[in-house]
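Written below as structure tokens is the structure these notes are about.
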Amino acid sequence: MNQNVIELTNVRKEFVSTKHYPGFKGAVKGLFTKETETKVAVDDISFSIEEGEMVGYIGSNGAGKSTTIKMMSGILTPTQGTCLVNGIEPYKNRKVNAKNIGVVFGQRTQLWWDLPLSETYTVLKEIYEVSDEDFKERMNFFYEVLELEEFIHNSVRTLSLGQRMRADLAAALLHNPKVLYLDEPTIGLDIVVKDRIRQAIRGINEKYNTTVILTTHDLGDIEELCKRIIIIDAGKKIYDGTLLDLKRSYGGSCNIHFEMKEIPSAEKIQSIHNISDKMGIAVKKKTLSVNFNKNDFTVAQVIGKIMADIEVTDVQIKETELTDIVKRIYQNGVEAV
Ligand SMILES: Nc1ncnc2c1ncn2[C@@H]1O[C@H](COP(=O)(O)OP(=O)(O)O)[C@@H](O)[C@H]1O
Ligand SMILES: [Mg+2]
């Protein structure tokens, strides 16, 4: 236990492409000069992940998430730095690596379009040399957590998106890989299917101690599944820590709006301001807004203090959501939050 399954050390990935100029002149120019452009997709990223961890790898579009995952799955070679997955460099030994990892892309299937699903699994069993006993045991488990039986005899092309995702997950896990990469696994799914997929991922992690790296736009996935998150922006790692710490450091703020029965007098306003210098208080006509950090007060305490002093007709509570925190981090970087 507690062994690092994944270790990235100063990993950098550059993409070099030929510059294109617009129009006919540009095309002619392109024939004679080959100017190139270098795009740094992943910029000096290091992290390690222990066996059995479930980590959310998040960042806005183009941040470098998929590129990182492609290096960890052996599809791309880093320009600099090293990436170790289960002790090997994936891009140097793709065959061995394939046995150690499972990959699911939300937007495209790895399954054979025309085969009945049941046969797909039989073929994969042979490819990955899974024993009869293991096959039986795992398929039984997937039947249960992914509820495959409703469509196991259907061909892949007839499956709904949600069914296909469940089928893809089972396919990626049939050889019991140490590491599972999930790239947007719940994209486009309705809430019921999302929930089932999340439960299944949790179940698989518990049963097989599978290490899971998850990229997603759906922060609900992260909240439900990952204790730890790594945030990248423009190829750089900008946060690596627990979700709880992220929320504590950046997300403690809470805002409560009180609708008062009448417009308070100047004295009254002064006395509200005197309740605590740790609350940000603003009064506008009959509306009183109180801003505070949940490390200082609970919501109940604040409501209690205000209502002891003023007659209130309505209360609205607005807590900072994970989405807001992440949005702020993307926009301003960790320092500025
Ligand atoms: N094969 C490629 N050739 C050139 N540029 C690429 C290639 N793949 C990705 N990029 C660029 O690298 C950056 C990171 O892309 P990607 O890893 O796909 O981001 P994400 O998955 O976080 O949305 C983007 O600017 C993207 O345009
Ligand atoms: Mg991507």
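The values are calculated or read from the model by the stated rules, or taken from the named source; none is laboratory data. Computed from a predicted model, the values in this text were never measured in an experiment. Neighbour counts are summed over all protein chains in view; Cβ atoms, including those assigned to glycine, are modelled from backbone coordinates with ideal geometry.
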Could you check, for the range 157-164, whether at least one of its residues is aliphatic (A, V, I, L, M) and not in a helix (DSSP H, G or I)? yes
Does L225 satisfy the criteria of being at pLDDT 90 or above, under 30 Å from T67 (Cα atoms) and within 16 Å of ligand 2 (Cβ to nearest atom)? no
Against the definition (closer than 18 Å to Q110 by Cα and within 16 Å of ligand 2 (Cβ to nearest atom)), how does G162 come out, yes or no? no
Got a sec? Which of G62, G56, G106 is under 19 Å from K178 (Cα atoms) and assigned by TED's automatic domain parsing to the domain that holds C226? G56
Filter the range 175-201 for residues that are more than 16 Å from ligand 2 (Cβ to nearest atom) and in contact (Cβ under 8 Å) with a residue 60 or more places away in the chain; the one that is farthest from S73 (Cα to Cα) is I201
Meets criteria (farther than 27 Å from Y57 by Cβ, modelled with pLDDT of 95 or more and of a type in the set (D, E)) for D132: yes
Within the range 286-330, how many residues turn out to be among the aromatic types (F, W, Y) and assigned to a strand (DSSP E or B)? 1
Here are K25, K29, K65: which of them is touching a strand residue (DSSP E or B) at 6+ places or on another chain (Cβ under 7 Å) and either surrounded by fewer than 16 Cβ atoms within 10 Å (Cβ to Cβ) or touching a residue at least 60 places away in the same chain (Cβ under 8 Å) (or both)? K65
Residues of the range 40-62 satisfying the condition of being surrounded by fewer than 21 Cβ atoms within 10 Å (Cβ to Cβ) and within 11 Å of ligand 2 (Cβ to nearest atom): S60, N61, G62
What are the residues in the range 1-21 that are exposed (fewer than 10 other Cβ atoms within 10 Å of the Cβ) and modelled with pLDDT under 75, if any? M1, N2
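Per-residue answers, yes or no, for (1) away from ligand 1 (no atom under 13 Å from the Cβ); (2) outside any helix (DSSP H, G or I); (3) touching a Gly at 6+ places or on another chain (Cβ under 7 Å):
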{"residue": "V28", "(1), (2), (3)": "yes, no, no"}
{"residue": "T38", "(1), (2), (3)": "no, yes, no"}
{"residue": "D43", "(1), (2), (3)": "no, yes, yes"}
{"residue": "I49", "(1), (2), (3)": "yes, yes, no"}
{"residue": "S60", "(1), (2), (3)": "no, yes, no"}
{"residue": "K70", "(1), (2), (3)": "no, no, no"}
{"residue": "I75", "(1), (2), (3)": "no, yes, no"}
If I ask for residues that are in contact with a Gly (Cβ under 6 Å, 6 or more places away or on another chain) and outside any helix (DSSP H, G or I), which ones from the range 93-147 would you list? none
List every residue pair whose Cβ atoms lie under 9 Å apart, where the two residues are 6 or more positions apart in sequence or sit on different chains, the first residue falls within the range 114-127 and is assigned by TED's automatic domain parsing to the domain that holds M165 and closer than 19 Å to L146 by Cα, and the second residue, located anywhere, is acidic (D, E) and surrounded by fewer than 19 Cβ atoms within 10 Å (Cβ to Cβ). K125/D132; K125/D134
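Results for (1) more than 21 Å from L173 (Cβ to Cβ); (2) among the aromatic types (F, W, Y); (3) not assigned by TED's automatic domain parsing to the domain that holds K178, shown as yes or no for each residue.
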| position | (1), (2), (3) |
| --- | --- |
| I213 | no, no, no |
| K236 | yes, no, no |
| T242 | yes, no, no |
| V283 | yes, no, yes |
Subset of the range 154-212 (residues that are surrounded by fewer than 16 Cβ atoms within 10 Å (Cβ to Cβ), basic (K, R) and touching a Phe, Trp or Tyr at 6+ places or on another chain (Cβ under 9 Å)): R157, K207
